[in-house]
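Values in this text are rule-based calculations from the coordinates and carry no lab data. As the structure is a prediction and not an experimental result, all values here were calculated from the model. Here the Cβ positions follow ideal geometry from the backbone for every residue, glycine too, while neighbour counts run over all protein chains shown.
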Amino acid sequence: MQKVECLIVGGGICGRLLQLNLEQRGINTLVYDSPSGNHCTAVAAGLANPLVGKFFTVGWRANEFFPHLASFYANLEKRLSTSFFRPRLLKRIISTAGEQNIWLSKAHQSKYVGFCSFAHEDLVGLNTHFGVLNVLQGGELDTRSFLEGCDSQLNTRKEDIDYTKLDLINKEYNGVTFDKIIFAEGHKLRDNPIWNKYIKVVPTKGELLVIETDLEPHGSIYLGSVFMQHLCDNRWRVGSTYNKNDATLHPTAMMKDDLVTKLEKVLQLPYKVIDHYCGIRPASVDRKPLLGEHPEYKNSYVVNGMGSKAVSMAPVLVDELVDHMYGEGELHESVLLNRF
Ligand SMILES: Cc1cc2nc3c(=O)[nH]c(=O)nc-3n(C[C@H](O)[C@H](O)[C@H](O)COP(=O)(O)OP(=O)(O)OC[C@H]3O[C@@H](n4cnc5c(N)ncnc54)[C@H](O)[C@@H]3O)c2cc1C
């Protein structure tokens, strides 16, 4: 019988950040990660953006999530001996007179200091007629490189957990005993009979395009009704769509058209679509994350519901979950499982 202190189900960003956090505290772990199906983290654009939505809202707890984000990922890069996070200037393109008015009515608010500033900028190939907000403290995580680093350096079994073999009373699974178990299964938690009576994960499908165009990257990520993220050479990732309660794993012509229509409002250069793919985000009913202990099974925990912001939120939230698991702190009230 093998013994680990924490067994983690799911090797997406949440499961891996949890594993790295526990490891740093000297707690030994094992991740089970399904080799097939939806790997939302691998599909994600990996953007960290403190300014969200049409109304230039400073995101939930942005003052806590963003100031240490770059140094947090830099430390993980050292641990995993690979490179995956780049701080980036995000350029939020204001696309209509209406949007410009919204921004002007809010620009004086002190909460924007340190996060963004307005500029009239001429970015060749983009429609910047109404101005640009330069958004600070953002960045991009190369999620595939991050996951590859974790797969090669951390204790992992590339297998599905079979719930019928999981004994939460004696804390045993398939020849492994554990003190605590954490489920970080993304939208697949909906198939988990231990949890799906208690929490509702809302699958939210997202589709992305890869295009080729001769736009100059200038080291920035362009944001508008779609984002444009430079990949390499003349390749750009364009995204993304949000389709609630859709967990199908194939991209659709309808969402491609939607992305293309929005892209053409911003991009004024010729382009060619060369790829189109999708993934399923794990969201929640109130769009806040879901973290905590199982109401019946002690020492069984969940981390889920990161929606489209895992890269920026998960580092702090996972740390708070681990503090909570070891009696060293409380979870934020907005993430508690009993709020519904
Ligand atoms: C198109 C798109 C674009 C996105 N862009 C961004 C972005 O720019 N920035 C951002 O922060 N977020 C973005 N996201 C969201 C982000 O990808 C998710 O919030 C994040 O990946 C969720 O991580 P997770 O670890 O909770 O779940 P997942 O990444 O889904 O990981 C769960 C893992 O658990 C495994 N698993 C499930 N059940 C079992 C089982 N029974 N046994 C073993 N393994 C199991 C799965 O195979 C999977 O590997 C995007 C998502 C999509 C779809």
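In degrees from 0 to 90, rounded to the nearest 10, what is the angle of the helix 310-325 Cα long axis to the longest principal axis of the chain?
It works out to around 30 degrees.
Just subtract the alpha-carbon distance of THR82 and ALA42 from 0.36 nm times their residue separation and send over the number in nm, one decimal.
Numbers: separation 40, 0.36 × 40 = 14.40 nm, distance 1.62 nm.
Length difference between fully extended and current span is 12.8 nm.
Using Cα springs under 10 Å in a Gaussian network model of the chain, which residue among GLU216, GLU296, GLU77 shows the largest mean-square fluctuation?
Among GLU216, GLU296, GLU77, the largest mean-square fluctuation in the Gaussian network model of the chain belongs to GLU296.
Would you kindly derive the ³J(HN,Hα) couplings of the stretch 211-220 from the backbone phi angles with the Karplus curve 6.51 cos²θ - 1.76 cosθ + 1.60 (θ = phi - 60°), listing them in order in whole Hz, with x for Gly and Pro?
10, 10, 7, 8, 6, 7, x, 6, x, 10
Report the net charge of residues surrounding VAL322, where surrounding means a beta-carbon distance below 11 angstrom and charges are Lys +1, Arg +1, Asp -1, Glu -1.
-3
Take the Cβ-Cβ distance between THR261 and TRP60 as r, set R0 to 25 Å, and report the resulting FRET efficiency rounded to the nearest 0.05.
Working: r = 29 Å, r/R0 = 1.17.
Result of the calculation: an efficiency of 0.30.
Could you work out [θ]222 nm for the chain from helices alone, using -39500 (n - 2.57) per DSSP H run of at least four and dividing by all its residues? Round to the nearest 500 deg cm²/dmol.
Calculated from helices alone, the mean residue ellipticity at 222 nm is -7500 deg cm²/dmol.
Mean separation of Cα pairs under 8 Å and 6+ residues apart, divided by the residue count of the chain: what relative contact order is that in percent? Walk me through the intermediate numbers first.
Details: 678 pairs, mean separation 76.1, N = 340.
So the answer I get is 22 percent.
For the ranges 129-136, 329-336, what's the packing order if you count other beta-carbon atoms within 10 Å of each residue, average per peptide, and put the highest first?
On the way: 129-136: 18.2, 329-336: 13.9.
Sorting 129-136, 329-336 by mean packing, highest first, produces 129-136, 329-336.
From the phi angles alone, apply the Karplus equation (6.51, -1.76, 1.60; θ = phi - 60°) to the stretch 237-253 and give each ³J(HN,Hα) in whole Hz, x where the residue is Gly or Pro.
9, 10, x, 9, 9, 10, 10, 5, 6, 10, 10, 7, 9, 10, x, 10, 5
Net charge within 11 Å of LYS288 by Cβ-Cβ distance, Lys/Arg positive one each and Asp/Glu negative one each, not counting LYS288 itself?
Net charge in that neighbourhood comes out at +2.
If packing is taken as the mean number of other Cβ atoms within 10 Å per residue, what is the order of 161-170, 85-94, highest first?
85-94, 161-170
Ratio to report: Rg/Rh of the chain, with Cα atoms as the point set and Rh obtained by the Kirkwood method; give two decimals.
My calculation puts Rg/Rh at 0.98.
Could you list the residues of the stretch 179-211 with an amide nitrogen less than 18 Å from a label point located 7 Å from the Cα of GLU296 in the Cα-to-C-beta direction?
Under cut-off, by backbone N: 181-183, 189-201.
May I ask for the net charge around TYR32, where only other residues with Cβ less than 9 Å from the Cβ of TYR32 are counted and Lys, Arg are +1 while Asp, Glu are -1?
Net charge in that neighbourhood comes out at -1.
Which whole-Hz ³J(HN,Hα) couplings does the stretch 48-59 yield from phi under the Karplus relation 6.51 cos²θ - 1.76 cosθ + 1.60, θ = phi - 60°, glycine and proline marked x?
10, 9, x, 10, 10, x, 6, 9, 6, 7, 6, x
So how tilted is helix 97-106 from the main axis of the chain? Cα-based, degrees 0 to 90, rounded to 10.
Long axis of 97-106 versus the principal axis of the chain: about 60 degrees.
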